[in-house]
Amino acid sequence: MSVPRQTQRRRPTVNTGEPMAGDTRHWQRDRDDWEERESESHSDQTRSVLRPNPNGLLMNGTQYSDDNAIDTEMSSSPPVPYWSAKRHLSCGNPTPLPPWSSKAVPWRGSSPGKLKTANAALVLCLNIDVDPPDVVKTNPCAVLEAWVDPHTMPSQKAMEAIAANLKLQFEGLSLKIQYKAVQDPSYDDLWRSCQSLRKQAKDDAILFHYNGHGVPKPTASGELWCFNRNYTQYIPVSLQEVQTWLGSPGIYIWDCSAAGHLLTNFNIFAERRDLEAQLRHGGPVDGAQPFMQSLQLAACAANEQLPSCPELPADLFTSCLTSPIDIALRYFIMHHQLPNNITADMVLQLPGDLKDRKTPLGELNWIFTAITDTIAWTTFSRDVFTRLYRCDLLIASLFRNFLLAERIMKNYHCTPHTYPPLPPTNTHPLWATWDLAVDACLRQLPDLLYKTPDVNAVVVDSPLTISSRPGRIGSNQPAKLPGDKGYNYIPSRFFADQLTAFEVWISRGGAALTKRGPMSLPPPGDHYGSGSAESLNALSETEPVKESHLVPRKPPDQLPIVLQVLLCQPHRLRALILLSQFVDLGPWAVHLVLTIGIFPYISKLLQAAGPDLRPVLIFIWARILAVDPTVQVDLVNTNGYKYFANILGTRDEPALPNSSEHKAMCSFILAAAARDYSPGQDACIHARVFDHCYDKLDDPDFLLRQWSALCIAQIWDASDENKARGVDCGTPDKLIQLLSDDSVEVRCAALYALSTFMGASGAPLGARKRGGGGSGSMPQFDSKRDHFKTEVAVVTGATLAIKDDASPMCRKEIIVLLSCLVKEYRGFFVVCAWLYWEEDRKWKQQQQTSHGGHDEDITNQAVSDWLERFEENEQVEHRVYLSSFFTMFVILLDLSVDPYHEVATNAQTVLDYIMALLLESPFTRLRDTTLHAPEPTPARKRVASQVSLMSASPSIAPPPSPGPRPGMKRSDTMTSTISNGVSNTLRRTSSFAHALKSLANGIAFPASEETHHATPVAADTQSLRTDAAGCSRPPSPNLNLARYASPYMDSSTTLVQPSGYQSRVGSAPPSPRAASFLDAAPPPPSADFMAWNVIEALVEEDMERLRARRRPGMRRGHGHHHGGPGASPSSSMSSMDSNNSVILGLGTGIGMADVLPLKSTFFDWCSEYFTEPQMRQAEADEPGSIQFNYQLWRQNRNDEVINETQKQIDVAEKRPWDRSVGTLHVSGHPLTMAFHSYDQHLFVANEFDVISVWDWYHRRRLSMFHNGNPSGTAVTSLQIINQDVGGIILTASSDGIVRLYRNYDPAVDQGPVQMVSAFRGLTEILPCPQGAGVVMDWKQSMGILLVGGDSRIIKVWDAQTETPILDLETYSESPVTSIVGDMGYSQFFAASFANGEVKIFDRRLEEDRAVVRTYTEHESWVQSVRYDPTTTQQFLSASLDGKVKLWDLRGQNSACKTWDVLPHGLSAFDCHPTAGVFAATSAISSRSWKTQRVTVRALRTDQEVSNFNVSTGLTAQPSRGLSPFIPRLSSLAFHPTEMLYGVGEPDGNVRLIGCNFPVISNSAVI
């Protein structure tokens, strides 16, 4: 399926050197990144595949393109929706694990049963030439021991040869272990050998191999046999004694008849010992492992005899374990018919070396290893596989070869056993594959041997004597003659065929999810072969498939074979590509390949990897680090990081396609290597990674910019030296410049880097590291003043740059940055909080009294007195510092009432910390402070100013709001004081700019005329809200993970004061709860110090904290508030007067909880990018998926709706529009309405904040929820975006907030209604006696949102970048009442005003010159402005006096036509987007309030097609409007496509009225 051109991104390519069937060359980026764009911003390419209307535009403004015409067979992707990326679903929170996921099995073998073999005892009890009394041997019988025939030499020499050969066989498994052969030991010899081995092994495991072919069988009580000194008696040795000698852990091999007795009794004794140790010592002593963790391999069961077949060696079990290829080939020629030209003798001469994979023998050994690994992987559980096959080389080899022993010995009625017990594998299908590989190899024997076989040689029919010949295969090769050129061996196709099978699995649906069953990924505790009836019938075939029911498919059996192929140079690149495609499936796939053991191989490839392997190695390493960050230690210790550092620092090379994207992966890898790991940070610094990332901050690729910033963040996290290096090269300034980046992720990454620079912790979420310490010591600054100035400038610059960002993810990150500054300079913030508090109380008193004066201006006087203590040139500097802190405090206040819950919660945590410090500060003891005074009630009621300081006690929750609407309360917080009593003055005002201007002139505060705007509330507000009692509070986001942290420690916490701390006269009591002045007790007595003394002391304490940081050798601690070594060095600082005497003791923060700085989740969220599929299309774009089929159905359905409605346009303009379709009764008064273009949905907002969604065709309500705007405000604008692919509700309320909601249709079954995003659409709200609130216009084709209203500007928001791109001056003191933009890509839009003006704006011009035309013919409030659907460049406007005017942009500044449609006043007006008709409703006044006239007029014919009355439902004459922002009592809205409109009446009824067609159409409406 094709992807729209404007949404395609560059994808990494893998150059294989040769074409591969089914190989996806392009590595696809996640579909969420389609919304990202570079500096060239919007493209005018099409985003839609639907059919056009006659004007070439879809109903919602999306342009049609012939290039993307719809095709039912090969359909194009739907348009990329806005506000639908991953960040809008998670807001920077890591995604929870899927329901089917489970705890990953440790792939390093770090489980409790991990064993490491140190040495081995090879105990041989053979007593050659003397048979034990309980064994009756056949004649002939098996005689070979370690491939030595003991009867061909003296018994002593035979014993030595057997011991030497056995040692060599074990050394072939692992050379690192010391093997000690114990030949025919006596009891004492066995005891000494065991004791010596345990002493040498210490806590590691010991291998104990017991060959009991020359002694009696083990007893049923668990005794094995050895000899006395003279070999005249058999001495029994109990397993209890062996366990005592060898200790734990151990690996035991029992090669004797009735070996099951030893295995069973060993477990009985081991369990008894472990139980005793548990009872006596609580577990194994000295860290030893339990005896039950020992491993055992037994040759047969307790009632079985070892096979005595003369064709096989006597130690068949040991031979299978130590020389599997020899046994396997002998077994093959015994059970398979060889070709006529191949003899058994030739098989024994198979050339090659087991260690050389290029030789026949070596390749067979390689194939055998791959097959046995695969059999174990597909049969055993994952934890058993990891323990047995990936912990120790010797153990892995033994258990791998055990599978061959089981296959062979079961054919001779002998069943090998193990502990832990393993499922049978002797009938596994891969054994047939092994036989095929052996057969293919043996067929080359005639060409491989230097000496061709004699044609006259007699073909031996039965190779019995040959197969039992002493010696190992390959040891009897004929000598190479001088003229021989050697053999030309054709390698086996085994690995190539297995890779093809793996490739087929990936390319033929292996990535698709499935239901649980035998073909699904089993849980870690289950082996892959288990398929119970419960798992098969867990889900019915008829049950609807839900995402939670789907799990990954069973991985391909060839996965371990792919690992083996990495050792082969010819197949390595292909194997890596297939492996990268597999790990691209998700974290579960990465865990699987790590469990199999890929990590050592992938690490070695970094040391000598060619250029062709770079892209695939980068991709695989990024996946591994994203899933398991602990490999950072290996990456640093093996110097593997240099590989990625070199790639990051190189220029663009042809060998590295899409270099920016691969370098972004390298940045992530290096960031993960440095994260919370100081050796990794040092390694990155030495490899110049910091410098490379700094250079990449200007790269055109947004992903590289993002990860370069994040890599810098991890390199200088908690490292003073690296932070100083960053300051020297200007990194903070560069990061602040990135805050204007088009990419939201880049802006957040820059904020994250600045936060770690200022002391926030970049450690993983699970690490208990709070952070702190600011930017460190910064020794390059000569004075603390420069250091202080730098830190304040960084945070202030970032805060001012990001405060108006529309992305809540960015606002979350700026709060983390602010919390770092609050942590270090809490004194400044306490001062700002006190200043703000006093000025707010002063304003309230001014509102309460008739005069505007104040007895004493305590704040200005305190600031002036404090500044007078500085030199004249320093006063300006300190005033700027205080201004910066006050600005950040005001922004923090505004963020505490942010419409996005997580942002508000985090800001409340920081703000409450400041307020708690204020309540514990000496400010509470000032004589003239108002901190203890009851809250005055202003003369005018302020919005939401209901909760007093008394109700904001840290221990008392504020009372709930009256009425059925649930109150938004929170215990253990004081933010309600700010959010309800103070900061509402900042909610919708120009407080930021005003605060900056005021602070420049003497710390003045927001004036009442400009910021404290009160909105009158209707008297019947509460009664009208009761109908919405069943609704919930504003819907929460999809991932609402922020948690409020109280500034107070738990009552059970013991307060530890720093040494030397004393509670002096002016200090706050150490216990915040005991000393809270919020109790009923009277305020404390006034102190003998002034407000400026407190300011000086708090500021001086901050400076002393900075001086302590800058002292040489001083490292910051993380426990600033709990005393002790980790406490802040200035936790008990004091200020001195001119006589150096203590006048004020402080301990700011003593006793408070250590909640700052906050910790960001952004890095973990970004890391998820490398755990999500990138090589395949998103599920919604995958043909055949549920999402794809649903979108394809929508696409076709939308197309049909457009076709049907286009046919009705000509008729509808000539027919009456008075046919009743239905009536809906909504909650409250329907003052704002919008129809969905394609779905049968009507969206209605009442006069407050209740939004309801209706299925207007079936007349039923689908959902209802609160918008969350505060009391006294209303939803004044409603839009539906992304209508092609579903829809998102876009609301704007009169408080300036824009909110977006999804999942409003329960029929789609996407869960409850969720908030997608929320931001302040208008930052400046002007006080108006009669305002318009906030009005919007959405341009889907360009992703542009126009926002205006009670403001002097119209903000233009970019939906892709989520930033305001223009602030257009309106040059009008009247509010904007309506905005409409031309459908398509026109840069013009029209706006109407309350004073009767209509203005045309051109977004291409400068912000202060954007008004290109002004129309002033209207004499009253212009209610609405709409574009003429019949003629381009024309639009209509309607005013409250009943006049409708038609304007032409190409004509004069006068109206082309004027209709006086409703002479007695107009209430609502709208124009159909496609049909040439407009409608208006009459005003409801004292003269006409029982009925309302509806008139519909055709534009082409200039005729009135309908004029009728509808009942208002009112029982009494209305005394006032329903909303102070909407000057009407009713509403009117046309359907965008259907010939239908709705009229909302004051009685709560919405009347749906349609066009009265002469013949009933097949349309869904009529």
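Of the helices (runs of 4 or more DSSP H) lying entirely inside segment 677-743, those containing at least 2 residues that are among the β-branched types (Val, Ile, Thr) are 702-715, 731-737. May I ask you to list the residues in segment 721-736 that are charged (D, E, K, R) and surrounded by fewer than 17 Cβ atoms within 10 Å (Cβ to Cβ)? Correct list: GLU721, ASP728, ASP733.
For segment 1455-1553, which strands (runs of 3 or more DSSP E) that fit wholly inside it have 1 or more residues that are surrounded by fewer than 18 Cβ atoms within 10 Å (Cβ to Cβ) and at pLDDT 90 or above?
Per the criteria, 1457-1460.
Within segment 684-694, the residues that satisfy the criterion of being open to solvent by 10 Å² or more (accessible area, probe 1.4 Å) and among the aliphatic types (A, V, I, L, M) are ILE685, ALA687. Just to be sure, is ARG1260 among the charged types (D, E, K, R) and either over 23 Å from GLN1340 (Cβ atoms) or open to solvent by 20 Å² or more (accessible area, probe 1.4 Å) (or both)? Yes, satisfied. Would you mind stating whether VAL633 is within 30 Å of ILE736 (Cα to Cα), in contact with a Gly (Cβ under 9 Å, 6 or more places away or on another chain), β-branched (Val, Ile, Thr) and touching a residue at least 12 places away in the same chain (Cβ under 8 Å)? Taking the combined requirement at face value, the residue does not satisfy it.
Determine whether ASP742 is of a type in the set (Asp, Glu), more than 17 Å from ASP1164 (Cβ to Cβ), touching a Ser or Thr at 6+ places or on another chain (Cβ under 8 Å) and open to solvent by 10 Å² or more (accessible area, probe 1.4 Å). Here the answer is yes, as ASP742 does meet what is asked. Going by the conditions given, is VAL1253 surrounded by 20 or more Cβ atoms within 10 Å (Cβ to Cβ) and either closer than 23 Å to GLN1191 by Cα or of a type in the set (Asp, Glu) (or both)? So VAL1253 passes the test.
Got at least one residue in segment 360-369 being farther than 23 Å from GLN569 by Cβ and either among the hydrophobic types (A, V, I, L, M, F, W, C) or out of contact with any helix residue (DSSP H, G or I) (no Cβ under 8 Å at 6 or more places or on another chain) (or both)?
So far as segment 360-369 goes, no, none of its residues is farther than 23 Å from GLN569 by Cβ and either among the hydrophobic types (A, V, I, L, M, F, W, C) or out of contact with any helix residue (DSSP H, G or I) (no Cβ under 8 Å at 6 or more places or on another chain) (or both).
Within segment 173-180, is even one residue of a type in the set (D, E, K, R), open to solvent by 20 Å² or more (accessible area, probe 1.4 Å) and at pLDDT below 90? Yes - at least one qualifying residue is present in segment 173-180. In the set LEU606, LEU573, LEU592, LEU578, only one residue is of a type in the set (A, V, I, L, M), more than 20 Å from GLU1172 (Cα to Cα) and assigned to a helix (DSSP H, G or I); that residue is LEU573. For segment 1258-1304, taking the residues that are outside any strand (DSSP E or B) and polar (S, T, N, Q), the one that is nearest to PRO1327 (Cα to Cα) is identified as SER1294.
Residue by residue, here is whether (1) out of contact with any Phe, Trp or Tyr (no Cβ under 8 Å at 6 or more places or on another chain); (2) closer than 30 Å to ARG87 by Cα holds:
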| residue | (1), (2) |
| --- | --- |
| HIS787 | no, no |
| THR799 | yes, yes |
| GLU824 | yes, no |
| PHE828 | no, no |
| VAL831 | no, no |
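For the structure I just gave you, tell me whether ALA163 is buried (at least 21 other Cβ atoms within 10 Å of the Cβ) and either touching a helix residue (DSSP H, G or I) at 6+ places or on another chain (Cβ under 6 Å) or modelled with pLDDT of 90 or more (or both). Spelling it out, ALA163 is indeed buried (at least 21 other Cβ atoms within 10 Å of the Cβ) and either touching a helix residue (DSSP H, G or I) at 6+ places or on another chain (Cβ under 6 Å) or modelled with pLDDT of 90 or more (or both). Pairs are defined by a Cβ separation below 6 Å, a sequence spacing of at least 6 or placement on different chains, a first member in segment 1269-1293 that is free of Cβ contacts under 8 Å to residues at least 40 places away in the same chain, and a second member that is of a type in the set (D, E, K, R) and buried (at least 23 other Cβ atoms within 10 Å of the Cβ); the pairs so defined are ASN1269/ASP1249; ASN1269/ASP1295.
With the structure loaded, tell me whether THR415 is at pLDDT 55 or above, exposed (fewer than 12 other Cβ atoms within 10 Å of the Cβ) and in a loop (DSSP other than H, G, I, E, B) or whether it fails that test. Spelling it out, it is not the case that THR415 is at pLDDT 55 or above, exposed (fewer than 12 other Cβ atoms within 10 Å of the Cβ) and in a loop (DSSP other than H, G, I, E, B).
State yes or no: is ALA793 part of a helix (DSSP H, G or I) and open to solvent by 50 Å² or more (accessible area, probe 1.4 Å)? Yes; evaluated as a whole, the condition is true for this residue. Listed by position, the helices (runs of 4 or more DSSP H) inside segment 314-372 whose residues that are over 30 Å from ALA258 (Cβ atoms), open to solvent by less than 40 Å² (accessible area, probe 1.4 Å) and β-branched (Val, Ile, Thr) number at least 1 are 324-335, 344-347. The residue that is modelled with the highest pLDDT, counting only those in segment 216-231 that are under 17 Å from LEU124 (Cα atoms) and polar (S, T, N, Q), is ASN228.
Hey, could you check segment 647-662 for residues that are out of contact with any strand residue (DSSP E or B) (no Cβ under 7 Å at 6 or more places or on another chain) and assigned to a loop (DSSP other than H, G, I, E, B) and say which is surrounded by the fewest Cβ atoms within 10 Å (Cβ to Cβ)? Break it down stepwise before answering.
Here is the first cut: in segment 647-662, the ones out of contact with any strand residue (DSSP E or B) (no Cβ under 7 Å at 6 or more places or on another chain) are 647-656, 659-662.
Of the ones still in play, those that are also assigned to a loop (DSSP other than H, G, I, E, B) are 650-656.
Values: THR650: 14, ARG651: 6, ASP652: 10, GLU653: 11, PRO654: 8, ALA655: 12, LEU656: 21.
Only one residue fits best here, namely ARG651.
Just to be sure before I move on: is ALA258 touching a residue at least 60 places away in the same chain (Cβ under 8 Å) and more than 14 Å from ASN119 (Cα to Cα) in the structure I sent? In short, no. Of all the listed residues (THR378, THR427, THR433), the sole one being farther than 19 Å from LEU297 by Cβ, free of Cβ contacts under 8 Å to residues at least 40 places away in the same chain and either open to solvent by 10 Å² or more (accessible area, probe 1.4 Å) or outside any helix (DSSP H, G or I) (or both) is THR427. When THR244 is tested against (1) β-branched (Val, Ile, Thr); (2) open to solvent by 20 Å² or more (accessible area, probe 1.4 Å); (3) not in a helix (DSSP H, G or I), just one condition goes unmet, and that condition is (3).
Working carefully through the options ARG1352, ARG1404, ARG1413, find the one that is basic (Lys, Arg) and over 27 Å from LEU1440 (Cβ atoms).
Selected residue: ARG1404, the only one of ARG1352, ARG1404, ARG1413 that is basic (Lys, Arg) and over 27 Å from LEU1440 (Cβ atoms).
A search for C-beta distances below 6 Å between a residue of segment 214-235 that is at negative phi and any residue that is of a type in the set (Asp, Glu) and open to solvent by 30 Å² or more (accessible area, probe 1.4 Å), counting only pairs 6+ apart in sequence or on different chains, returns PRO216/ASP134; LYS217/ASP134. On the given criteria, is LEU1436 touching a residue at least 12 places away in the same chain (Cβ under 8 Å), within 18 Å of ASN1395 (Cα to Cα) and open to solvent by less than 30 Å² (accessible area, probe 1.4 Å)? Yes.
The values are calculated or read from the model by the stated rules, or taken from the named source; none is laboratory data. In this text, all values refer to a predicted model and were calculated from it rather than measured experimentally. Neighbour counts are summed over all protein chains in view; Cβ atoms, including those assigned to glycine, are modelled from backbone coordinates with ideal geometry. Side chains included, ligands, DNA and RNA excluded: accessible areas come from the protein's heavy atoms. Shrake-Rupley method; radii C 1.70, N 1.55, O 1.52, S 1.80 Å.
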